[in-house]
Amino acid sequence: MGVVYQAEDERLKRTVAVKMILAREHDETTRRRFWREARAAARVNHPHVCQIYEVGEEHGTLFIAMELLEGEPLSAHLTRGPLSVERAVPIAVDILGALGAIHASGVVHRDLKPSNVFLARHGVKLLDFGLARPEVTAALDSVTGLTRTGIVLGTPGYMAPEVIEGNPVDARTDLFAVGAILFEMLAGRRAFTGRTMTALLHATLNEEPPPLAGSAAVMAVDRVIRLALAKKPDGRPASAEAMADQLNALRTVADHDHRASPADGSACPRCGRQRRVRTTAAELCAACLLDMALDVPDAAGEAELDADESLPFEIVTILAQDAEAVTYLARGFVSPSHVAVKILTAPDEPAMLSRIHTWKPRLERVRHVGISRFVDAGGAGPGQVYLATEYVAGSSLAYWLRHRPLSAPDRMAIARQLADALAAIHAQGLAHMRLDTSRIKVATSGGVRATILGLGASLIVGDLPPQPDLDVAALADVCRELGVAVP
């Protein structure tokens, strides 16, 4: 974007940083946009924003005089390895605080990346906001077929999908970059990678970074990262303030989890687990505080896992239990991904294993945002089989209908999302056949989202062919409970 010099302000006798930017004299639109956004950026006054003192032009060269900082960019700090969650989350919260002020001034950063996050002696400082547009308009000729001669990409790997696709941007575009930066701080690697520019942009548009494994705090932060990295802006937090609120809630729990004195061994009133630490006046365990911050439903309490030790997952805790099965939160031994593992009783184990063999390839091909992704299935010990699916955060629709108000637009959106997901299942010759409000997860951060759980359980447990009519009837029942018409 330019060259930065240390300079002396002769009028005020202070040392400043001056960035010189070559203007494109033939591109008057770029020049006008630069001036408009530079003026807006200069009005921002926030402790985590590098202060701009003056913007001007001399002999065809634009210049910005700004606060001179002591410290190092986050990009340099990350070359020494990943950060702890206690260090990474406060940095992200400071970035979001700066973005909140920037967005309030009508500016979108558009080129947020670790090198634009400066770790100064007295805190985080955000650089280069609102000035990236001339560089970010993006020459994507080889990738998208768009022709924007002479314009350079911002920073692939941190750019949101809407930037790559040439669609309009807003404040949520910056939140995608915050998610990518937070992932990199904790994982020690970029969220999206590729050996070529085309591969990197394809990964950003179509792939998800691997889930983060570790403590309960890391797992909870990973959920916030997933929201921020949603491919569509509507799936992300609504604002920088909303994302900061999520992370601040987790910071409180992480502080308790790492610093609180040992508990007295009494049970958490929400989940029944023994409290590992003293937490808040409510005396909830740290895991429940994390869940409540991110709309995860009540846990069913601890339970003994009565399955073969050859189960290819490490059990973390119980999620739910009924007469038919026990569902656990688990992580893979090879992959750190978190999954929901349902252990089913199998009176006729050979027959159930045969059905797993039949249906597994087709279940693996289902890829839809409204369906909890099938991961694996197999034997779990004598008289038992397991069904592993993607772990989805949120509360069940049954819980929402009982305890939390849903607006009319949200209810209609849920119905449409369910109808779309079922249509995708049916198009592949499959059916759920056990749909009800307890098997639908709903999350509301960044917009309401409904996800159907348990695809494949009926096909494996029962000996029935797919019956889409059962799903149509079940959807009608769910819509009746929502109080909306069937889409």
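The values are calculated or read from the model by the stated rules, or taken from the named source; none is laboratory data. Owing to the predicted nature of the structure, the values given are computational and were not obtained by experimental measurement. Positions of Cβ are backbone-derived with ideal geometry, glycine not excepted, and every protein chain shown enters the neighbour counts.
Condition first: within 25 Å of residue 180 (Cα to Cα), without any contact (Cβ under 8 Å) to a residue 40 or more places away in the chain and not small (Gly, Ala, Ser). Now tell me which residues in region 52-86 satisfy that.
79, 80
Residues of region 355-391 being among the small types (Gly, Ala, Ser), buried (at least 20 other Cβ atoms within 10 Å of the Cβ) and farther than 29 Å from residue 414 by Cβ, which ones?
Of everything in region 355-391, just one residue is among the small types (Gly, Ala, Ser), buried (at least 20 other Cβ atoms within 10 Å of the Cβ) and farther than 29 Å from residue 414 by Cβ, namely 380.
Looking only at helices (runs of 4 or more DSSP H) that fall completely inside region 170-245, which ones have 3 or more residues that are of a type in the set (Lys, Arg) and outside the structural domain of residue 442 (by TED's automatic domain parsing)? Show your work before the answer.
Details: elements: 171-187, 197-206, 216-228.
Helices (runs of 4 or more DSSP H) meeting the threshold: none at all.
Filter region 437-458 down to the residues that are in contact with a strand residue (DSSP E or B) (Cβ under 7 Å, 6 or more places away or on another chain) and more than 19 Å from residue 387 (Cβ to Cβ), then identify the one that is modelled with the lowest pLDDT.
Selected residue: 443.
With 402, 439 as the choices, which residue is without any contact (Cβ under 8 Å) to a residue 60 or more places away in the chain and crowded, with 19+ Cβ neighbours inside 10 Å? Steps first, please.
Details: 402 fails: crowded, with 19+ Cβ neighbours inside 10 Å.
One residue alone meets the criteria, 439.
Looking at region 448-471 only, could you name the residues that are out of contact with any Pro (no Cβ under 9 Å at 6 or more places or on another chain) and either in a loop (DSSP other than H, G, I, E, B) or free of Cβ contacts under 8 Å to residues at least 40 places away in the same chain (or both)?
First, the residues of region 448-471 that are out of contact with any Pro (no Cβ under 9 Å at 6 or more places or on another chain): 449-457, 460-471.
Matches in region 448-471: 453, 454, 455, 456, 462, 463, 464, 465, 466, 467, 469, 470.
Would you mention how many residues in region 452-487 are surrounded by 19 or more Cβ atoms within 10 Å (Cβ to Cβ), under 15 Å from residue 421 (Cα atoms) and out of contact with any helix residue (DSSP H, G or I) (no Cβ under 7 Å at 6 or more places or on another chain)?
Of the residues in that region, 1 qualify.
Check residue 55 against each of (1) assigned to a strand (DSSP E or B); (2) outside the structural domain of residue 15 (by TED's automatic domain parsing); (3) not small (Gly, Ala, Ser) and name the one condition it does not meet.
Going through the list (1) assigned to a strand (DSSP E or B); (2) outside the structural domain of residue 15 (by TED's automatic domain parsing); (3) not small (Gly, Ala, Ser), residue 55 breaks only (2).
So which residues in region 419-429 are buried (at least 22 other Cβ atoms within 10 Å of the Cβ) and over 30 Å from residue 350 (Cα atoms), if there are any at all?
421
Here is a yes/no grid of residues against (1) buried (at least 18 other Cβ atoms within 10 Å of the Cβ); (2) more than 14 Å from the chain's Cα centre (by Cα):
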residue	(1), (2)
156	yes, yes
160	yes, no
165	no, yes
169	yes, yes
186	yes, no
197	no, yes
200	yes, yes
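Where residues in region 1-18 are within 16 Å of residue 59 (Cβ to Cβ) and not aromatic (Phe, Trp, Tyr), which of them is modelled with the highest pLDDT? Talk me through it step by step, then tell me what you get.
Going through region 1-18, the residues within 16 Å of residue 59 (Cβ to Cβ) turn out to be 2-3, 5, 18.
So of that shortlist, the ones also not aromatic (Phe, Trp, Tyr) come out as 2-3, 18.
Details: 2: 65, 3: 77, 18: 84.
So, considering only residues that are within 16 Å of residue 59 (Cβ to Cβ) and not aromatic (Phe, Trp, Tyr), the one modelled with the highest pLDDT is 18.
Considering only residues that are touching a strand residue (DSSP E or B) at 6+ places or on another chain (Cβ under 7 Å) and surrounded by 20 or more Cβ atoms within 10 Å (Cβ to Cβ), look in region 66-90 and name the one that is nearest to residue 14 (Cα to Cα).
For region 66-90, the residue satisfying everything is 66.
Hey, among 449, 416, which residue is within 30 Å of residue 175 (Cβ to Cβ) and either surrounded by fewer than 20 Cβ atoms within 10 Å (Cβ to Cβ) or of a type in the set (Asp, Glu) (or both)? Full working, then the answer.
Numbers: 449 fails: either surrounded by fewer than 20 Cβ atoms within 10 Å (Cβ to Cβ) or of a type in the set (Asp, Glu) (or both).
Being within 30 Å of residue 175 (Cβ to Cβ) and either surrounded by fewer than 20 Cβ atoms within 10 Å (Cβ to Cβ) or of a type in the set (Asp, Glu) (or both) holds for just one of 449, 416, which is 416.
Given (1) part of a helix (DSSP H, G or I); (2) under 21 Å from the mean Cα position of the chain (by Cα), where does residue 108 come up short, assuming only one miss?
Result: residue 108 passes all but (1).
Please give the number of the condition residue 249 fails out of (1) in contact with a Leu (Cβ under 6 Å, 6 or more places away or on another chain); (2) of a type in the set (Gly, Ala, Ser); (3) at pLDDT below 85.
(1)
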